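Student: Got a structure for you, questions after.
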Amino acid sequence: MPRPRPPTVGRRRPAATAAPLAALLLAALLLAARPATAAEPAQAPLAINGFGTAGLVHSSQSGGDFVFDNLQPWGAGRSHRWSSDVDSRLGVQLTANLTPQLSAVLQMVTEYRWDNSYHPFVNWANVKYAFTPDFSVRVGRIALASFLASDSRKVGYSNLTARPPSEVYRLLALRDSDGVDAVYRSHHGTVSNSVTLLYGKRTVTNTRGIEVHSTGVKGIFDTLESGPLTLHAAYQQRDVDNQNPPRGRFMSLGASYDPGPWFASAEWVKAINYDGKGLKVLRAAGYLNAGVRLGDFAPYATVAELRPLSDTGAAPVAQRSYAVGVRWDVARNLDLKLQWDRLKLGDNSYGTLQNVVPGTPRGGHVNLISVVTDFIF
């Protein structure tokens with residue numbers, strides 16, 4: 001595929017080829033709006049489920065683009081004042097229960113990608129064998145449980161906010177691995193704890209059209225659940241054979257509490273990259289989110305921050321954000337969210353903005369308005 005080129009000053013980038021996605025989103029919205037039907041039998045031999053998001057984001061900063069995913073080449077602001085590319089996506093998942101112990105999952109997703117297209121791709125594809133109800137092994141393309149919302153990151157309906165805080169969730173570009181993992185779950189009264197060990201590799205194409213080869217991907221992930229409380233911890237590492245720095249480490253801690261009338265969650269993450277000379281490039285990020293449920297409405301507020309922990313001589317990537325919003329559960333499987341964000345870019349920093357026009361002043365504030373609808377079917 002042709003490599004995308006940076007936009008020229010004063011020009012907006014060409015629209016992505018999103019007609020197929022728009023048609024699929026419309027069809028999926030119609031399916032999602034259907035009345036509820038009787039639940040399907042548990043452990044059906046074959047199950048098909050889907051999810052999607054249709055969103056618009058407005059940015060007050062015309063000198064750079066706001067993107068949620070650092071593999072998106074364009075976004076809201078410089079390229080388009082209102083962008084539908086930041087959040088919109090559609091996914092379909094096929095689950096096959098072949099035997100009581102053997103199952104397989106295939107998940108296809110179409111969303112805005114590095115090459116300015118909506119070409120569908122395989123997000124998950126793995127086979128699982130359960131040796132016991134509490135011990136299983138998977139082989140194939142597996143999501144990395146790096147965050148609280150790793151499995152549901154792309155399923156907007158599962159997220160209470162318009163999107164997870166970008167300061168935290170875009171800090172790690174590697175989100176899945178081609179390899180194997182093993183999961184063991186233990187139970188102690190009302191408490192369950194799951195430990196996952198993973199090994200694999202993965203190739204990801206960045207916005208410059210360069211394939212980044214991650215090898216020796218190793219991870220250990222732990223999730224503890226007790227009623228409305230969830231605690232999560234993760235550590236992973238990888239080597240990159242054609243990038244500098246060539247070695248990366250990532251760790252995270254997270255907690256969420258959702259008793260029903262109200263909810264709260266928080267995460268802290270740290271990324272460390274090592275170059276061949278032992279130079280450490282450290283970044284840390286975190287957020288706190290809380291809200292209440294008032295019937296079908298759930299107002300919420302979030303504060304998040306991304307800051308450097310080491311001085312490399314380059315301009316720092318530093319940013320703090322404040323967000324308020326409301327989620328409206330329109331139907332059993334359909335929601336509508338309205339969110340306002342105010343980004344405070346660090347001194348001498350463009351924060352997480354991309355495609356910045358040369359000469360744009362560093363620092364300052366950026367205001368975002370997001371209108372998002374999520375659905376499952």
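The values are calculated or read from the model by the stated rules, or taken from the named source; none is laboratory data. Quantities reported herein were computed from a predicted structural model and do not represent experimental measurements. Don't worry about glycine lacking a Cβ; one is built from the backbone with ideal geometry, like all the others, and counts go over all protein chains shown.
Student: For the condition hydroxyl-bearing (S, T, Y) and farther than 19 Å from T53 by Cα, what is the one hit in S152, S117, S146, S158?
Tutor: Details: S152 fails: farther than 19 Å from T53 by Cα; S117 fails: farther than 19 Å from T53 by Cα; S158 fails: farther than 19 Å from T53 by Cα.
Of the residues listed, the single one that is hydroxyl-bearing (S, T, Y) and farther than 19 Å from T53 by Cα is S146.
Student: Shifting gears a bit: For residues that are among the hydroxyl-bearing types (S, T, Y), out of contact with any Gly (no Cβ under 7 Å at 6 or more places or on another chain) and in a strand (DSSP E or B), tally how many sit in region 56-101. Give the steps one after another, and end with the answer.
Tutor: Residues of region 56-101 that are among the hydroxyl-bearing types (S, T, Y), as a first pass: 59-60, 62, 79, 83-84, 88, 95, 99.
Next, from what is left, pick out any that are out of contact with any Gly (no Cβ under 7 Å at 6 or more places or on another chain): 60, 79, 95, 99.
Next cut, in a strand (DSSP E or B) only: 95.
Residues meeting the conditions: 1.
Student: Hey, does region 194-209 have a residue that's surrounded by fewer than 18 Cβ atoms within 10 Å (Cβ to Cβ), small (G, A, S) and either in a loop (DSSP other than H, G, I, E, B) or at pLDDT 95 or above (or both)?
Tutor: yes
Student: Given (1) modelled with pLDDT of 95 or more; (2) hydroxyl-bearing (S, T, Y); (3) within 30 Å of K344 (Cβ to Cβ); (4) in a loop (DSSP other than H, G, I, E, B), identify the lone condition not met by Y157.
Tutor: Of (1) modelled with pLDDT of 95 or more; (2) hydroxyl-bearing (S, T, Y); (3) within 30 Å of K344 (Cβ to Cβ); (4) in a loop (DSSP other than H, G, I, E, B), only one is false for Y157: (4).
Student: Within region 219-228, is even one residue under 30 Å from S117 (Cα atoms), among the acidic types (D, E), in contact with a strand residue (DSSP E or B) (Cβ under 6 Å, 6 or more places away or on another chain) and in contact (Cβ under 8 Å) with a residue 24 or more places away in the chain?
Tutor: The answer is no, given that none of the residues of region 219-228 is under 30 Å from S117 (Cα atoms), among the acidic types (D, E), in contact with a strand residue (DSSP E or B) (Cβ under 6 Å, 6 or more places away or on another chain) and in contact (Cβ under 8 Å) with a residue 24 or more places away in the chain.
Student: Right, next: Give the residues of region 333-348 that are of a type in the set (D, E, K, R) and outside any strand (DSSP E or B), sorted by residue number.
Tutor: Across region 333-348, the qualifying residue is only D347.
Student: Just one of (1) polar (S, T, N, Q); (2) surrounded by fewer than 20 Cβ atoms within 10 Å (Cβ to Cβ); (3) more than 17 Å from G254 (Cα to Cα) trips up S214, so point out which.
Tutor: (2)
Student: For region 240-259, check the following and say yes or no: at least one residue is in contact (Cβ under 8 Å) with a residue 40 or more places away in the chain, outside any strand (DSSP E or B) and small (G, A, S).
Tutor: no
Student: Take the conditions assigned to a strand (DSSP E or B), surrounded by fewer than 18 Cβ atoms within 10 Å (Cβ to Cβ) and touching a Phe, Trp or Tyr at 6+ places or on another chain (Cβ under 6 Å) and apply them to L224. Does it pass? Give the derivation first.
Tutor: On the way: assigned to a strand (DSSP E or B): yes; surrounded by fewer than 18 Cβ atoms within 10 Å (Cβ to Cβ): yes; touching a Phe, Trp or Tyr at 6+ places or on another chain (Cβ under 6 Å): no.
In short, no.
Student: Is there a residue being out of contact with any Cys (no Cβ under 6 Å at 6 or more places or on another chain), surrounded by 21 or more Cβ atoms within 10 Å (Cβ to Cβ) and aliphatic (A, V, I, L, M) anywhere in region 326-343?
Tutor: yes
Student: Have a look at V330, V303, V317, V324 and point out the one that is out of contact with any Asp or Glu (no Cβ under 6 Å at 6 or more places or on another chain), free of Cβ contacts under 8 Å to residues at least 60 places away in the same chain and not in a strand (DSSP E or B).
Tutor: Going through V330, V303, V317, V324 in turn, just one is out of contact with any Asp or Glu (no Cβ under 6 Å at 6 or more places or on another chain), free of Cβ contacts under 8 Å to residues at least 60 places away in the same chain and not in a strand (DSSP E or B): V317.
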